[in-house]
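In what follows, a structure is listed as structure tokens, so that the remarks can point back to it.
The values are calculated or read from the model by the stated rules, or taken from the named source; none is laboratory data. Keep in mind that what you see is a predicted model, and the values were worked out from it rather than measured. Glycine gets a Cβ as well: all are built from the backbone with ideal geometry, and neighbour counts include every protein chain shown.
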Amino acid sequence: MGVPARALDYAEPILPGLIPDEAELTAGVRIEPGKSYGFFTDTTLCIGCKACEVACKEWNALPADEVGLTGDSYDNTGRLSANTWRHVAFVEKIATDGKRAAEMAPFQSNWLMMSDVCKHCHNAPCLEACPTGALFRTEFDTVVVQQDICNGCGYCVPACPFGVVDLNEVDGKAHKCTLCYDRLKGGLEPACAKSCPTDSIQFGEVPVLVEKARARVEDLHGKGATDAYLYGAPGEPGATGDLGHLNAFFLLTDRPEVYGLPTAPTRASNRVAPALGAGLATMAGLTLAAIALFAADRRR
Amino acid sequence: MPQWDLANADCILVMGSNMAENHPIAFRFALQAKQKGATLIHADPRFTRTSALADIHAPIRAGTDIAFLGGIIRHILENDLWFKDYALNYTNLATIIEDAFEDPSQNDGKFSGWDEAKKSYSYESWQYKGEFVPSSLAEHFVNTTESFSDQTKRLQQGPTPKDETLQHPNCVYQILKRHFAPYTPEMVERVTGCPKETFVKVADALARASGREKTGTICYAVGWTHHSTGVQMIRAAAIIQLLLGNVGRPGGGILALRGHSSIQGSTDIPTLYNLLPGYLPQPHGLKPHHSLQDYIDHETTPTGWWHNFPKYIVSLLRAWYGEAGMKENGWGFEWLPKIMGDHSQNPMTLAIEDGLIKGLFLLGQNPAVGGSNAALVQKALGKLDWMVVTDFTETETASFWYKGKPVQAGELAPKDIKTEVFLLPTSLAGEKAGTFTNTHRLIQWHDKVVDGPGDGRSDLWFVYHLGRRLKELYRSSADPRDLPIRYLTWDYPVEGEREEPDAEAVLREINGYTWPDRQQIADFKDLKDDGTTACGCWIYTGVFPKNDHNQARSRKPDGPDGPGTHLGWGFAWPSNRRTLVNRASADPAGKPWSERKKLAWWDAEKGEWDGYDQVDFSTEKAPDYTPDWSKEPAGMDALSGTDPFIMISDGRGALFVPSGLKDGPLPTHYEPVESPVRNPLYGQQHNPTAKIWDRPDNPVHVPEDPRYPHVLTTYRLTEHHSGGTPTRSVASTAELQPEGFSEIAPELAKELGIENLDWVVLSTPRGEVETRALVTERLQPFRIDGRLVHQIGMPWHFGWNGYATGDIANVLTAIVGDPNTGMHENKALTCNLRKGRLDRPQNGG
């Protein structure tokens, strides 16, 4: 029952030391530099337990945000922030026209829960916007901020189409999910994925995850969950606007904006050329107008 | 059954449990079953995180579970959907019951045998015809007029009376049919509020997961036990599973999702007043338990596995009293404390309030938050002379004297509270070694990782050194009442500067060893009743089979191609058995019902049982074995090769329970003690044997009380653990649910003008609380008998300490309980609701 063969090598109650390539046991993947790693978050398996949020804060030593009772279902975290790198959204769709559902689509439905996270975009706009090189692409194809280089300019914040990157009020620098860079270096899968009790968050090599995810969508369609689709996988919704694909992608059953995700995210630089063009055109127009005015003036 | 065995189920009904929320790790396996095509059903008053992942959510009014389950039983019987080869051979379906038996439908809601003066039943008319059947529970003694041994030895004289054609009007089959006849789909809807179409879908889904090739599981938790009919709810599930042939088979069974942490362990090695370790009955002052011989005579069942009872009690006494115990003094039996009645938490709380109890130790408990009628609990704590609280941070209970509700309300001033409170720091799991016993009886050892900070000590340290000092105190006492302490064996080695007792030494004693040479025992079959073995808990024998072998520390899973029973992972009592009654996974001839679902089978060549699991049967008893009644066989010899339920006197799954239950042999729908409606099924409103302590400081509502029109149910959120102390005091968990609230359906909110996050006041005559409203469609009103009944939910694990705070929901609840367990009814009561806040000083009142 899902026990990897290598687990038998570590059956002694006291282990000699760290398990090399532990992710091979816990996630079925060996972590090697030069490959592309990410998350497949399958919302149909999410029970909204928030273990990912807690595991993330514990491992990354992040402080609690003072939010308080929001009244927004069971979501008291609100959003991703400098101190919160996993956020579980809760969306209640229990009743339609006042009539509550009794029979439902298989797996998660009617009360949607989704663990959101940094997407580690293939073409990461935050990284492109960073003037200091604090944001960089790692050997695992993930995107990480180096706070010792970050100057706190904040350009990355509006560059992110998902609202992930945030400046910390205490040190003034940008913070976000590192996909547990330190753990990957040690052969461990990220804390959130490891703690997820239902495997809603799966960690692995992106091409392998994409293949699994496509099979999962097909399986769900066969089981009657016909609304299931991928968000952020190559060629799917979410992988738009020149972002390429998202290394952390999702399986959803409702429109992206229901979960707080943009329908068609774009790379900020994609907006620069048209904006620049528009700006230049405006400038040109104004100049022409001014010349015309001056010319008219002179004629008088 | 192991949690991981859920993955083998074809249908899973979660009821009386919010499994995804409170047992998320086990829920992983429910989802694995779902992946393989199983139907997942959640029957619950609320739409919860579990419902969100289910195929069907059947909404029911809190406390009406027996009406719903009774409807399923009727559906199975009326439509002939039961698994005949299984139920006929392995249950007491064909057994004939006494002629005098009367059903509640004949008797205005009560069974025969009711004694109005004593408010209790006598069990004569519930017995098998001409026989007396001792209980399969720990309390074997049958409370009837005849002497125990005379009655029960008739079980050794021949097979129980049966009619295999099921035609006899008093055979269990006919009784079941009559008993559940009124539980029609229409009646189910009328009582529970669940639309009958939804109900029938649930019943059909369960019935489909039955037969040779299919199995289904029912998972429950405290959503069933916290009722005045809690035991009977579980019984109703047992009847369904026995009829469908879902006991002892892979993916079949009833999974009791036990509490955190190690609640299973604390019933095995009990913190319960009426049990000794291994489910042996605590000697009772009002029963014929005057000597060890009396006790053995009245508690040993003549047939079935419990016939071995004397070996277990004598070995326990040897472990506890060592050399001081001798055959002549009943191995020290007289030093065991005798109980005199119900000494469970609720009556103990009242006894404190009434000044009968002067001192209190609380280890890992926070009754100011978790106890029913919490304001009364806090008031009672002020009557104690002393109270010791051991916890890792200050709990509400430890701070009741300056932050408690009566103090806040100005009813009590700290200077007037004379209770001397000792708050002692304890270790958390990683700071001490020990075991957890989980839901599936799996004992798993954990090592100590670090010393706890400051003066923190383990509970084991605390209890051991307290005992050591008491022994020192009474060392030279000649008073007979001090003998139990003087003679107690208390010789665990200590280690390190802190003199921490060796937890493995305790586990070795629990496992058992030979006396006096202390060689570990590997199997409880080797325990003796002659003083040559000592054993702290017979069912744990095998957990420490050799001096240097702690099986609970073992972590050897089956590989990817293994059978999946994982016998090398920890130790599951008894005998490392993963699935109880697994003889029933094979047909009467000993052949697995199904290749796909095989677990145990008879190997005719070897002449023994074999399987993927440790077989729960006499290893060499052939399927065609029949007892030789001419020899008056005892113990296991009286069970045939097709009697898989070896802990029960007749070896048969008990569809009908002749003794052991105080409220009847069959589950019957009674309304909760506090209900907004009259019982639509019977004249009898609530469980006639329910424990109700109706007194001025614990008033109970009458049914349909217009002042308290709404149903209230209390529960836990996944973000908080236990009474909330471990999570409310940690910022990163406290922020996830930072404040108490109550959940209210939009229909009721609209009626009362309540908006989301408004302050509201909930009230009962026990007390009032103010909290925020969370208006949500996950709660819903029910139409009961034409009337709209609203239901309010409130998490109970908030308090005034820590980062996440809120009023204590248990201020509202009453001290009432199940007759069998004494367990409170905090899952279903009535209350009133209004918009606004309480008149409190901090609110400017």
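A few comments on the model shown:
- For the stretch A:64-112, a residue qualifies if it is at pLDDT 95 or above, within 7 Å of chain B (Cβ to nearest Cβ) and in a strand (DSSP E or B), and the qualifying residues are A:Glu92, A:Trp111.
- Of B:Lys662, B:Lys621, all but one fail to be in contact with a Ser or Thr (Cβ under 8 Å, 6 or more places away or on another chain), outside the structural domain of B:Gly278 (by TED's automatic domain parsing) and part of a loop (DSSP other than H, G, I, E, B); the exception is B:Lys662.
- On the stretch given as the stretch B:427-445, residues that are modelled with pLDDT under 95 and touching a Phe, Trp or Tyr at 6+ places or on another chain (Cβ under 7 Å) total 1.
- Some residue of the stretch A:267-288 being within 30 Å of A:Ala51 (Cβ to Cβ) and either surrounded by fewer than 21 Cβ atoms within 10 Å (Cβ to Cβ) or not hydrophobic (A, V, I, L, M, F, W, C) (or both): no
- Test: residue in the stretch B:239-246 that is in contact (Cβ under 8 Å) with a residue 24 or more places away in the chain, polar (S, T, N, Q) and at positive phi: no
- When residues in the stretch A:1-31 are screened for being away from every other protein chain (no Cβ under 13 Å) and surrounded by fewer than 14 Cβ atoms within 10 Å (Cβ to Cβ), 5 of them pass.
- Output for the stretch B:177-192, where each listed residue is surrounded by fewer than 22 Cβ atoms within 10 Å (Cβ to Cβ) and either within 27 Å of the chain's Cα centre (by Cα) or assigned to a loop (DSSP other than H, G, I, E, B) (or both): B:Ala181, B:Pro182, B:Thr184
- Within the set B:Thr215, B:Thr267, B:Thr229, B:Thr271, the sole residue that is within 30 Å of B:Pro45 (Cα to Cα) and free of Cβ contacts under 8 Å to residues at least 24 places away in the same chain turns out to be B:Thr267.
- Every test in (1) basic (Lys, Arg); (2) more than 10 Å from chain B (Cβ to nearest Cβ); (3) without any contact (Cβ under 8 Å) to a residue 60 or more places away in the chain is passed by A:Lys57 save one, and that test is (2).
- Residues (within 14 Å of chain A (Cβ to nearest Cβ), in contact with a His (Cβ under 6 Å, 6 or more places away or on another chain) and not β-branched (Val, Ile, Thr)) located in the stretch B:48-88: B:Ser51, B:Ala54, B:His57
- Flag for A:Phe140 being modelled with pLDDT under 95, part of a loop (DSSP other than H, G, I, E, B), buried (at least 20 other Cβ atoms within 10 Å of the Cβ) and not polar (S, T, N, Q): no
- Applying a threshold of 8 Å to beta carbon distances and a minimum spacing of six or more residues, or different chains, the list of pairs starting in the stretch B:298-317 at a residue that is on the phi > 0 side of the Ramachandran plot and ending at one that is of a type outside the set (A, V, I, L, M) reads B:Gly304/B:Ser136; B:Gly304/B:Gly635; B:Gly304/B:Ser649; B:Gly304/B:Asp650; B:Gly304/B:Gly651.
- Count - residues of the stretch A:32-52 that are charged (D, E, K, R), under 24 Å from A:Tyr229 (Cα atoms) and either within 8 Å of chain B (Cβ to nearest Cβ) or assigned to a loop (DSSP other than H, G, I, E, B) (or both): 1
- Residue within the stretch B:710-723 that is within 30 Å of A:Gly98 (Cβ to Cβ), in the same structural domain as B:His797 (by TED's automatic domain parsing), more than 30 Å from the chain's Cα centre (by Cα) and not in a strand (DSSP E or B) present: no
- Unmet criterion (only one of (1) at positive phi; (2) at pLDDT 95 or above) for B:Gly364: (2)
- B:Gln106 fulfils the conditions (1) more than 30 Å from B:Lys631 (Cα to Cα); (2) within 30 Å of the chain's Cα centre (by Cα); (3) at pLDDT below 95 except for a single criterion, (2).
- Check on B:Leu483, in a strand (DSSP E or B) and not small (Gly, Ala, Ser): no
- Matching residues in the stretch B:286-315 - criterion: being over 23 Å from the mean Cα position of the chain (by Cα) and aliphatic (A, V, I, L, M): B:Leu286, B:Leu292, B:Ile296, B:Val314
- Look at (1) surrounded by fewer than 23 Cβ atoms within 10 Å (Cβ to Cβ); (2) under 13 Å from the mean Cα position of the chain (by Cα); (3) closer than 20 Å to A:Lys57 by Cα and you find that A:Cys177 fails only one, number (1).
- Only strands (runs of 3 or more DSSP E) whose full extent lies in the stretch B:739-807 are considered here, and none of them has at least 2 residues that are among the charged types (D, E, K, R), within 12 Å of chain A (Cβ to nearest Cβ) and touching a residue at least 24 places away in the same chain (Cβ under 8 Å).
- For the stretch A:196-216, the set of residues classified as within 14 Å of chain B (Cβ to nearest Cβ), in a helix (DSSP H, G or I) and either touching a His at 6+ places or on another chain (Cβ under 7 Å) or surrounded by fewer than 19 Cβ atoms within 10 Å (Cβ to Cβ) (or both) consists of A:Lys212, A:Ala215, listed by residue number.
- When the helices (runs of 4 or more DSSP H) confined to the stretch B:1-80 are screened for residues that are in contact (Cβ under 8 Å) with a residue 60 or more places away in the chain and either within 20 Å of the chain's Cα centre (by Cα) or assigned by TED's automatic domain parsing to the domain that holds B:His797 (or both), those reaching at least 1 such residues are found at B:19-22, B:24-35, B:65-78.
- The residues in the stretch B:430-459 that are more than 14 Å from chain A (Cβ to nearest Cβ) and either farther than 28 Å from B:Arg578 by Cβ or surrounded by fewer than 15 Cβ atoms within 10 Å (Cβ to Cβ) (or both) can be counted, and the count is 11.
- Of everything in the stretch B:696-732 that is of a type in the set (S, T, N, Q) and touching a Gly at 6+ places or on another chain (Cβ under 9 Å), the residue that is nearest to the other protein chains (Cβ to nearest Cβ) is B:Thr718.
- Test: residue in the stretch B:674-684 that is outside any loop (DSSP other than H, G, I, E, B), in contact (Cβ under 8 Å) with a residue 24 or more places away in the chain and of a type in the set (A, V, I, L, M): no
- In summary, B:Thr727 fulfils each of the numbered conditions (1) buried (at least 20 other Cβ atoms within 10 Å of the Cβ); (2) not assigned by TED's automatic domain parsing to the domain that holds B:Val761 with the single exception of condition (2).
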